[in-house]
Amino acid sequence: MSLVRNVGTIGGLTAVSRVFGFVRDMLLARVLGAGLAADAFQLAFVLPNTFRRLFAEGAFSVAFVPMYTRTLHGPGGEAAAERFASDVLAVFVWVLLGFSALAMLAMPGLVWLLAREYLDVPGKFDLAVALSRVAFPYLGLVSLVAMLSGVLNAHARFAPGAFVPVLLNLVLIAGIVSGYFLRGSGGSDVVVAWSVAIAVAAAGAIQLLYMAWAMRRAGVRLRIGAPRLTPEVRRLGRLILPATFGAGIYQISQFVDTFFATSLAQGSLTLLKYADRLNQMPLGIVGIALGTAILPMLARHIQAGDDAGAQGLQSNAVEMATLLTLPAAAALAVCAPAFVTAFFVGGRMSQAQGDVMAAIVAALVCGLPAYVLVKVFQPAFFSREDTRTPVRIACAALAINIAVNFLVVPRFGIVGLAGATAFTSTLNVLALYTVLHRRGWFRLRWPLASRIIRQLAASGVMALALWALLPLLAGHYAGSAAERAGALALLVGAGGLVFFATAWLVGALDKSHLAQLRRRRPVKEPVNLSE
């Protein structure tokens, strides 16, 4: 399979997950709004979810997948790879159990560090601690899921790992609906918050069972024996710690953003998380798909000493990232009020809260291309087992992010916080590319640069068209379900038509990549990287 088809497989399933995630957050916004219980649940969900992205899907995956891939395609083949993965699993399980137990015991301190202002609202701090303890076991369960997903990815089986988030969203939707009926017409929102927090932990167990079944179906057998710190496991451990920062700047920034958001007016954290849902649609679909597909493929190119192949793979990934994220960022920035009103406003979510959320979305998506390009550039370091360089860059970006937050949050509030995240993520990407360029690992050639410039032009034309169309449909964004759907469909259809027509006319599309999507198999590929 080519990179394009791998990304298509992962991105398609991730898109399904994001649709269910949208349904989840739409229901939660209408059922809980942006008040005390909503803030408490959002914090409870932030803790395991951010640790998951930071460690399991971030640091662990970027260190484990290249090592497993090299072992799998080395002299020992599948037998050696299974021994390595089983040794890692035997140690990983105990690390997860220990970390989860310590975190649950220390939960009051963790919540205080992130949201000490919750103590000023009666009952809010205690509720956040209790919900966090209920939801936190999800981290251990989903971390095991991430490891099994990495094993299957190395075997070019991307679908199971891309599908498991669908299970999470389905279980959370069931938790929201159950909480709604348990609360009744005059009950407390706390009932809903408890129902959804319990659903988070249950979802982790269901995801792990599904991945165990997928592993068995793929014929991959891992065994949990006595933990042994083999040389390979020690080497993995040495790579994970620095990779935590290198792969997780966005997630670490999430903790920083949570700290600042909880210091603002009640509901700010909830509005930020709902706004990030719109940002996560293209980020999750494109960024996760590219990052997941490129890491094992790049590792195999580098192992084979194919520098030209690695450069070509990186170029294709950059072009795909910009082609999909530049128009998405422009469209979301212009149409944020329409999307927020249509999707989130209603029930216990007021129009005033929706207006704030729309401004947050517009600020967040300014960094959307950077969020995705981070996932494209970092594998170039990780596949060469260089985790130190991304660490240094990530630490510098994080320090700048914190400094900028202190400057802008007091003046611009939650919107300033979102803008600071976009700004420092862009700095992070620029620094990563600078190092790659200097080392000769990846250089932006003129053919690619010229197509990106044309993509920017096409995105600008599309943004102008949407800006002109937006007020013409203003009366429908808060109308009936059919009116909302029709208005958004018209916006999306018009935007997509204008962008791709303009992109085609100005030569922003690489027609060979489009042709790959229509083929069952690529006609010619010098190195088959995923079979």
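The values are calculated or read from the model by the stated rules, or taken from the named source; none is laboratory data. In this text, all values refer to a predicted model and were calculated from it rather than measured experimentally. All Cβ positions, glycine included, derive from the backbone under ideal geometry; neighbour counts span all protein chains shown.
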Name the residue that is nearest to VAL506 (Cα to Cα), counting only residues in region 416-449 that are loosely packed, with under 14 Cβ neighbours inside 10 Å and small (Gly, Ala, Ser). ALA449
Has region 310-327 got any residue that is in contact with a Phe, Trp or Tyr (Cβ under 8 Å, 6 or more places away or on another chain), within 24 Å of VAL461 (Cα to Cα) and modelled with pLDDT of 90 or more? yes
Only one of ALA199, ALA226, ALA212 is touching a helix residue (DSSP H, G or I) at 6+ places or on another chain (Cβ under 8 Å) and closer than 26 Å to ALA261 by Cβ. Can you tell me which? ALA199
Candidates ALA101, ALA90 - the one that is in contact with a Gly (Cβ under 8 Å, 6 or more places away or on another chain) and over 20 Å from ILE252 (Cβ atoms): ALA90
Among (1) closer than 18 Å to VAL220 by Cα; (2) of a type in the set (Phe, Trp, Tyr); (3) loosely packed, with under 15 Cβ neighbours inside 10 Å, which single condition is TRP94 missing? (1)
Please give the helices (runs of 4 or more DSSP H) falling wholly within region 92-158 in which 2 or more residues are charged (D, E, K, R) and out of contact with any Lys or Arg (no Cβ under 9 Å at 6 or more places or on another chain). 124-135
So if I check each of ALA396, ALA431, ALA403, which one is over 26 Å from PHE344 (Cα atoms), modelled with pLDDT under 90, small (Gly, Ala, Ser) and within 25 Å of the chain's Cα centre (by Cα)? ALA396
Using beta carbons and a limit of 6 Å, which pairs, at least six apart or on different chains, have the first residue in region 391-413 and without any contact (Cβ under 8 Å) to a residue 60 or more places away in the chain and the second one surrounded by 15 or more Cβ atoms within 10 Å (Cβ to Cβ) and small (Gly, Ala, Ser)? VAL404/ALA420; VAL408/GLY416; VAL408/ALA420
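Out of curiosity, is ARG277 farther than 29 Å from PHE423 by Cβ, assigned by TED's automatic domain parsing to the domain that holds PRO390 and modelled with pLDDT under 85?
Spelling it out, it is not the case that ARG277 is farther than 29 Å from PHE423 by Cβ, assigned by TED's automatic domain parsing to the domain that holds PRO390 and modelled with pLDDT under 85.
Can you tell me which residue within region 194-233, out of those that are without any contact (Cβ under 8 Å) to a residue 24 or more places away in the chain and not basic (Lys, Arg), is nearest to VAL171 (Cα to Cα)?
Result: SER195.
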Please indicate, with yes or no, whether at least one residue in region 57-74 is among the charged types (D, E, K, R) and either crowded, with 22+ Cβ neighbours inside 10 Å or not assigned by TED's automatic domain parsing to the domain that holds ASP386 (or both). yes
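Quick grid of which residues meet (1) in contact with a Lys or Arg (Cβ under 8 Å, 6 or more places away or on another chain); (2) within 19 Å of PHE92 (Cβ to Cβ):
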residue	(1), (2)
ASN169	yes, no
ILE176	yes, no
PHE181	no, no
ALA212	no, yes
MET215	yes, yes
Evaluate the following for LEU105: is it closer than 24 Å to PHE163 by Cα and either surrounded by 17 or more Cβ atoms within 10 Å (Cβ to Cβ) or assigned by TED's automatic domain parsing to the domain that holds LEU148 (or both)? no
Looking at region 430-456 only, could you name the residues that are under 15 Å from GLU319 (Cα atoms), in contact (Cβ under 8 Å) with a residue 12 or more places away in the chain and of a type outside the set (S, T, N, Q)? TYR433, PHE442, ARG443, LEU444, ARG445, LEU448, ARG451, ILE452, ARG454, LEU456
Residue that is part of a helix (DSSP H, G or I), over 15 Å from ASN428 (Cβ atoms) and not acidic (Asp, Glu), where the choices are PHE377, PHE406, PHE381: PHE406
Take the residues of region 108-129 that are under 21 Å from ARG52 (Cβ atoms) and of a type in the set (Val, Ile, Thr): which is surrounded by the most Cβ atoms within 10 Å (Cβ to Cβ)? VAL111
Condition first: over 24 Å from GLU483 (Cα atoms), buried (at least 22 other Cβ atoms within 10 Å of the Cβ) and of a type outside the set (Gly, Ala, Ser). Now tell me which residues in region 309-352 satisfy that. LEU313, GLN314, ASN316, VAL318, MET320, THR322, LEU323, LEU324, THR325, LEU326, PRO327
Can you tell me how many residues in region 198-226 are within 22 Å of the chain's Cα centre (by Cα) and over 20 Å from GLY150 (Cβ atoms)? 4
What is the one condition in (1) without any contact (Cβ under 8 Å) to a residue 40 or more places away in the chain; (2) among the hydroxyl-bearing types (Ser, Thr, Tyr); (3) buried (at least 18 other Cβ atoms within 10 Å of the Cβ) that TYR477 does not satisfy? (1)
Name the residues in region 327-373 that are over 19 Å from the mean Cα position of the chain (by Cα), within 20 Å of TRP467 (Cβ to Cβ) and not hydrophobic (A, V, I, L, M, F, W, C), would you? PRO337, THR341, GLY354, ASP355
For region 148-165, check the following and say yes or no: at least one residue is surrounded by fewer than 23 Cβ atoms within 10 Å (Cβ to Cβ), modelled with pLDDT of 90 or more and not basic (Lys, Arg). no
LEU208 meets each of (1) farther than 20 Å from PHE158 by Cα; (2) modelled with pLDDT of 85 or more; (3) aliphatic (A, V, I, L, M) with one exception, condition (1)
